[in-house]
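Visitor: This is the structure I want to talk about, given as structure tokens.
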Amino acid sequence: MRTNPADLAVRVRGLRKEYGDLTAVAGIDLDIARGETFALLGPNGAGKSTTVEILEGYRHRTAGEVSVLGADPAHARLDWKARLGIVLQSTGESGQYSVREQLAHFARFYPNPRDVEDVIAAVGLEKQAKTRIGKLSGGQQRRVDVALAIVGRPELLFLDEPTTGFDPEARREFWKLIEQLKAEGTTILLTTHYLDEAARLGDRGGVIVGGRLVAVGHIDELGGAEARVPVVRWRDESGAPREERTQRPAELVVDLARRFGGEPRELEVIRPSLEDVYLGLVHAAGSKASAAELVEEGELA
Ligand code: ADP
């Protein structure tokens, strides 16, 4: 994808982060266009938080170029920070104040805040506006986190595991809120372990494994066409499970029906989900990484 650098919210080249001997981020290039929702995926320990915290200006990098909203986070000032919205994994709310008081307090830090009542309505906490934050349920407190992150009208919103611990209904409500922010043009960097969430909200996505971006692209095209070839499963005459990957599942099904003289048992046609594609990518990158390590150790040379 070629994008004018001025249209990029995030531009990263050759990003590295070492913690002593450990290389947490091993050379990442990443572009996120303005207005885009980018889903950063990867197993635990892959380097997602390190990358995101460098972009947020919370961590210093070892090497590489980073530009976020046109500034280097390592040297950016308070007015730059005011253009970001950050929803961290855990809530740090003391809970002394009511939802409305806390939001009104934070809104004053920003040059062009959203209307506090609008924000309360957007996160669905109208009934709890006067409730002390400490008395809210976990899911409601998470909404307060999001409310605090968006009250300053951020250009770029970081969402780190935003719906962990939500029940299915609360997640769907939350997704609607994020879709509303997307529609308003907010750029969003989402990290999540829920692949359905990434597929629903993400425009593009990237998979990090072992500090490297092993795949990046449109969320529906991650992993390439090969990873998305449909699978036809059925049981043969002896009851044994069979499966075949094919770009033309309908032809195979017709052929099977003819061969069986009727319905094949337990017939299904499956299109790999983002989760299937993701697991395939992580598995392939993991086995490549361990093969490379074994070569380095002289065991596979
Ligand atoms: P993720 O967010 O994908 O789970 P992290 O960025 O948290 O991954 O971690 C990447 C690697 O860096 C892991 O091996 C982790 O143990 C290590 N790491 C993270 N933070 C520190 C730190 N402050 N000091 C030393 N090692 C760290």
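No value in this document is a laboratory result; all are computed from the given coordinates. As the structure is a prediction and not an experimental result, all values here were calculated from the model. Please note: Cβ atoms are built from the backbone with ideal geometry, for glycine as well, and neighbour counts cover all protein chains shown.
Visitor: For Thr131, Thr51, which order do you get if you count the other beta carbons within 10 Å of each Cβ and list the fewest first?
Guide: Thr131, Thr51
Visitor: Hey, if you drop one equal point scatterer on each alpha-carbon of the stretch 230-271 and run the Debye formula without solvent, what base-10 log of I(q)/I(0) do you get at q = 0.30 Å⁻¹?
Guide: The computed values of log10 I(q)/I(0) come out as -1.12.
Visitor: Students often forget the sequence filter, so: which lysines lie under 18 Å Cα-Cα from Lys48 once same-chain residues fewer than 8 apart are removed?
Guide: Lys17
Visitor: Listing Phe38, Phe109 from the residue with the fewest other Cβ atoms within 10 Å to the one with the most, what is the order?
Guide: Going from least to most buried by this count: Phe109, Phe38.
Visitor: Okay, moving on. Full-extension gain between Asp115 and Asp236, please, as 0.36 nm times their residue separation minus the C-alpha to C-alpha distance.
Guide: That works out to 37.3 nm of additional length.
Visitor: Follow-up question, since we're still on this one. Quick check for me: using +1 on Lys/Arg Cβ and -1 on Asp/Glu Cβ, what's the dipole size of the chain about its Cα centre, in debye to the nearest 20?
Guide: Dipole magnitude for the chain comes out near 800 debye.
Visitor: What number, in percent, do you get for the relative contact order of the stretch 230-271 if the mean sequence gap of Cα pairs under 8 Å and at least 6 apart is divided by its residue count?
Guide: Here the relative contact order equals 53 percent.
Visitor: Using the Karplus curve 6.51 cos²θ - 1.76 cosθ + 1.60 with θ = phi - 60°, what ³J(HN,Hα) values do you get for each residue of the stretch 215-226, in whole Hz, with x for Gly and Pro?
Guide: With coefficients 6.51, -1.76 and 1.60, one gets 7, 8, x, 4, 4, 7, 10, 3, x, x, 4, 4 Hz.
Visitor: Still on this structure, I have one more. Check the straight Cα-Cα distances from Lys127 and name the lysines below 17 Å, setting aside those fewer than 8 residues away within the same chain.
Guide: Lys135
Visitor: When the convex hull of the C-alpha atoms of the chain is computed, what volume per residue in Å³ does it have?
Guide: So the per-residue Cα hull volume is 186 Å³.
Visitor: OK, next. How many nm separate the modelled label positions at Glu65 and Asp203, each set 7 Å beyond the Cα in the direction of the Cβ?
Guide: In this crude spin-label approximation the distance works out to 2.2 nm.
Visitor: Let me ask something else. So what is Rg over Rh here for the stretch 121-227, counting just Cα atoms and using Kirkwood for Rh?
Guide: That ratio equals 1.02.
Visitor: What's the extension gain from Ser273 to His105 if we count 0.36 nm per residue and subtract their Cα-Cα distance?
Guide: 56.2 nm
Visitor: Could you give the length gained on full extension between Gln247 and Asp21, defined as 0.36 nm per residue of separation minus the Cα-Cα distance, in nm?
Guide: That works out to 76.8 nm of additional length.
Visitor: Next question. For the modelled label position 7 Å from the Cα of Asn44 along Cα-to-Cβ, which residues of the stretch 175-196 have backbone nitrogen atoms closer than 20 Å?
Guide: 191-196
Visitor: Can you give the Rg to Rh ratio for the stretch 32-119, taking only C-alpha atoms and Rh from Kirkwood?
Guide: With Rh from the inverse mean 1/r over Cα pairs, Rg/Rh is 1.00.
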